[in-house]
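The values are calculated or read from the model by the stated rules, or taken from the named source; none is laboratory data. Bear in mind the structure is a predicted one, so any value in this text is a computation, not a measurement. Cβ: placed from backbone, ideal geometry, glycine included. Neighbour counts: every protein chain shown. Surface accessibility is based on the protein's heavy atoms, side chains included, excluding ligands, DNA and RNA. Shrake-Rupley method; radii C 1.70, N 1.55, O 1.52, S 1.80 Å.
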Amino acid sequence: LASIPAGTAKGIFPGRVAWVYNPKAAQWTGAGNYWDPAVNPQAEYNQSFTAGIAALSGGKNDTDSWDKIMRWFNDNHGRPGTGYQAGDLIAIKINQNNTAAPAADHGNAMNANPQSCVAVVASLVNAGIPQEDIWIGDPSRAVTDNIFNPIHNAFPKVKVVDFFGNNGRVTTTNVEGVFPNKDVKNAESACFYK
């Protein structure tokens, strides 16, 4: 069957999907945890992330790729001709759906991979975004230590946000009335809304 696209393609190259294959990045064989640092070399994740956003944006490096992505976004959201501006907040929503309470780790529940989280933050910092302007986490769940510690150790000024807001994490309020549709809760976490 032929693909039948739904919706309107968006982006610098509308509808483009970027995929990076790097078998050196994820070497888990089923023993231990899929996210253990021993089977997930951070340098491989960093290289793969940089290659992915370059493929997505047409950029040459982290700085050029993020500038292209942010300029496209701003051009389409009321700030034409501008890229990142000092004080802009960058919010990254990770998947922690399988963590209902604070814990050291989430075992092998399917949640965010620590190395992917560090790679996206490293890419932004390499592009000149101050750590203080970056928020990463899941404001409706717990960010476990196996995610928090690698981010915080590498980037201590980045705000790691979760529902509980303790042990170095921060929490955030909600902004009501932000979605036009009625089939979802009409509120958004303030760090993402901003």
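With respect to the conditions (1) closer than 28 Å to residue 28 by Cα; (2) open to solvent by less than 70 Å² (accessible area, probe 1.4 Å); (3) not acidic (Asp, Glu), residue 97 lacks only one, and its number is (2).
For residue 88, the requirement of being open to solvent by less than 60 Å² (accessible area, probe 1.4 Å) and either among the polar types (S, T, N, Q) or under 19 Å from residue 154 (Cβ atoms) (or both) is not met. When residue 119 is tested against (1) within 21 Å of residue 32 (Cβ to Cβ); (2) crowded, with 19+ Cβ neighbours inside 10 Å; (3) over 13 Å from the mean Cα position of the chain (by Cα), just one condition goes unmet, and that condition is (3). Residues in segment 1-47 that are open to solvent by 60 Å² or more (accessible area, probe 1.4 Å), polar (S, T, N, Q) and outside any loop (DSSP other than H, G, I, E, B): 47 alone. Among the residues of segment 93-140, the ones that are touching a residue at least 40 places away in the same chain (Cβ under 8 Å), outside any loop (DSSP other than H, G, I, E, B) and hydrophobic (A, V, I, L, M, F, W, C) come to 8 in all.
Among the residues of segment 70-89, none is identified as over 17 Å from residue 124 (Cα atoms) and aromatic (Phe, Trp, Tyr). The set of residues in segment 66-92 being in a loop (DSSP other than H, G, I, E, B), within 18 Å of residue 161 (Cβ to Cβ) and of a type in the set (A, V, I, L, M) consists of 89 alone.
Among the residues making up segment 107-116, those that are among the polar types (S, T, N, Q) and under 15 Å from the mean Cα position of the chain (by Cα) are 111, 113, 115, 116.
For segment 122-137, a residue qualifies if it is surrounded by 14 or more Cβ atoms within 10 Å (Cβ to Cβ) and small (Gly, Ala, Ser), and the qualifying residues are 122, 123, 127, 137.
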